[in-house]
1. Under the rule of at least 5 residues apart or a separate chain, name every residue whose amide H is placed under 5 Å from the amide H of Ile184.
2. Of the heavy-atom accessible surface of the chain (probe 1.4 angstrom), what whole percent is carbon and sulfur?
3. Place a +1 charge on the Cβ of each Lys and Arg in the chain and a -1 charge on the Cβ of each Asp and Glu, then give the dipole magnitude about the Cα centre in debye, rounded to the nearest 20.
4. Quick one: check the C-alpha center-to-center distance for the range 19-95 versus the range 185-237, whole angstrom.
5. Want the number for Gln50 to Ser226: 0.36 nm per residue separation, take away the alpha-carbon distance, what's left?
6. Return the long-range amide H neighbours of Asn135 (sequence gap of 5 or more, or a different chain), with a cut-off of under 5 Å between placed amide H atoms.
7. Check the chain and count each lysine pair with an alpha-carbon distance under 20 angstrom, considering only pairs eight or more places apart or from different chains.
8. In whole Hz, what ³J(HN,Hα) sequence does the range 109-115 give by Karplus (6.51, -1.76, 1.60; θ = phi - 60°), x for Gly and Pro?
Amino acid sequence: MATKPIALVTGGAQGIGYASAEALQEDGFHVVLADINAEGVAEAADKLGQGTTGIVVDMSDLGAVNAMFDQIETDLGPVSALVNNAGVAMPGDFLDYSIEDFQKVLAINVVGVFAALQRAAKTMVKEKIEGAIVNMSSVNAQVAIPAIPAYCASKGGVMQLTKSAALALAPHNIRVNAVGPGSIDTAMLAGVNANPDAMAMVMSRTPLKRIGTAREIGDVVAFLVSPKASYVTGETIYVDGGRLGMNY
């Protein structure tokens with residue numbers, strides 16, 4: 001069993017998930033990284049070093065999600081902080097966008113998030129753990145891009161799920177919040193980074209005139225998990241360089 005409190009980060013092999021895990025580890029958590037990428041999650045766990053565990057999981061497989069929590073609880077103990085970060089975008093032309101792709105995005109980005117949130121909360125309630133859950137939303141919960149309709153719908157769903165869960169779990173002193181990144185330097189933004197015209201468009205909509213780093217998101221995640229955010233629940237904190245406040 002782990003001697004430190006346990007934080008589970010889904011989609012933890014790279015990017016925002018890895019940066020969140022790094023920040024939580026620095027705050028004293030034993031971090032469990034969960035990802036569908038077996039090689040990537042093993043490398044990430046090795047990189048973070050002692051006090052880290054890597055688990056392979058498909059967040060669209062509800063049985064696997066529940067089995068993951070069973071394994072963590074048996075091997076390490078109950079999860080007191082959950083970062084629901086795993087997600088996919090799957091861009092495509094709106095008129096040709098397949099129902100299968102739409103359902104796959106929602107299965108991971110919404111249903112998988114709910115499954116992990118509910119499963120973590122059940123143990124927190126049972127063990128009387130005043131835990132914290134952070135879901136990864138996006139500025140695309142508020143604004144939209146036509147080529148990622150499922151992603152936009154899913155992140156709006158995460159925003160509302162966060163509010164619903166926060167209300168349901170408040171009597172147990174379990175806090176649920178979300179983070180809504182803007183343009184962050186991750187693999188998901190790689191195509192934009194490689195296209196000067198696309199990057200110029202992004203910068204025209206970003207008052208701080210730069211893209212954010214994964215660690216800047218990870219630090220906000222760590223804040224929301226920490227006692228410093230003890231009176232914050234049901235909120236989505238947008239970390240977007242000022243984008244959503246911009247009119248023209």
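1. Counting only residues 5 or more places away or on other chains, the set is Gly212.
2. The value for the chain is 57 percent carbon and sulfur by accessible area.
3. So the dipole magnitude of the chain works out to roughly 840 debye.
4. 20
5. 61.2 nm
6. Asn84, Asn177, Ala178, Val179
7. Values: Lys4/Lys47; Lys4/Lys126; Lys4/Lys128; Lys4/Lys228; Lys104/Lys155; Lys122/Lys163; Lys155/Lys163; Lys163/Lys228.
Number of lysine pairs found: 8.
8. 7, 10, 5, x, 5, 4, 4
The values are calculated or read from the model by the stated rules, or taken from the named source; none is laboratory data. On a predicted model such as this, the values are computed, not experimentally measured, just so you know. Don't worry about glycine lacking a Cβ; one is built from the backbone with ideal geometry, like all the others, and counts go over all protein chains shown. Each accessible area value is taken on the protein alone, full model and side chains, heavy atoms only, with ligands, DNA and RNA left out. Shrake-Rupley method; radii C 1.70, N 1.55, O 1.52, S 1.80 Å.
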